[in-house]
1. R0 = 25 Å: FRET efficiency of CYS64 with LEU21, Cβ-based, nearest 0.05?
2. Send over a whole-number figure in Å² for the accessible area per residue of the chain, probe 1.4 Å.
3. What's the angle, to the nearest 10 degrees (0 to 90), between helix 8-28's Cα axis and the longest principal axis of the chain?
4. If you consider only alpha-carbon coordinates, what radius of gyration and Dmax does region 1-55 have, in Å?
5. For the chain, take the longest principal axis of its alpha carbons; what is the angle in degrees between that and the long axis of helix 53-68, to the nearest 10 within 0 to 90?
Amino acid sequence: MKNSSNFLPSILLASLLGTYLDLYFIGKGFYSFPIRPMSTVFSINIAFTLIGLPLLIGVFLYACNKMNS
């Protein structure tokens, strides 16, 4: 797992892009998150954005890296 530090820029970019897409689509009214942590502060599901999305992207990149080998 010595190449895991190579995944960090991709994980950060994917999280940032996912956050901004969430903000855009929620602002346009395409969807909403009825149950979310800190709903008075954030209009997006901040737990998924900060924990779930980076974790899923990391697992996906790791799996793709293993398939490529």
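1. With a Förster radius of 25 Å, E is 0.70.
2. Values: 5370 Å² over 69 residues.
Averaged over the residues of the chain, the accessible area is 78 Å².
3. Helix 8-28 sits at roughly 20 degrees to that axis.
4. Spelled out, the Cα radius of gyration and Dmax of region 1-55 are 13.1, 42 Å.
5. That helix lies at roughly 30 degrees to the long axis.
The values are calculated or read from the model by the stated rules, or taken from the named source; none is laboratory data. Everything numeric in this text was worked out from a predicted model, so none of it was measured. Note that each Cβ is placed from the backbone with ideal geometry, even for glycine, and that neighbours are counted across all protein chains shown. The protein model used for the area step is the full one, side chains on, heavy atoms only, and it has no ligands, DNA or RNA in it. Shrake-Rupley method; radii C 1.70, N 1.55, O 1.52, S 1.80 Å.
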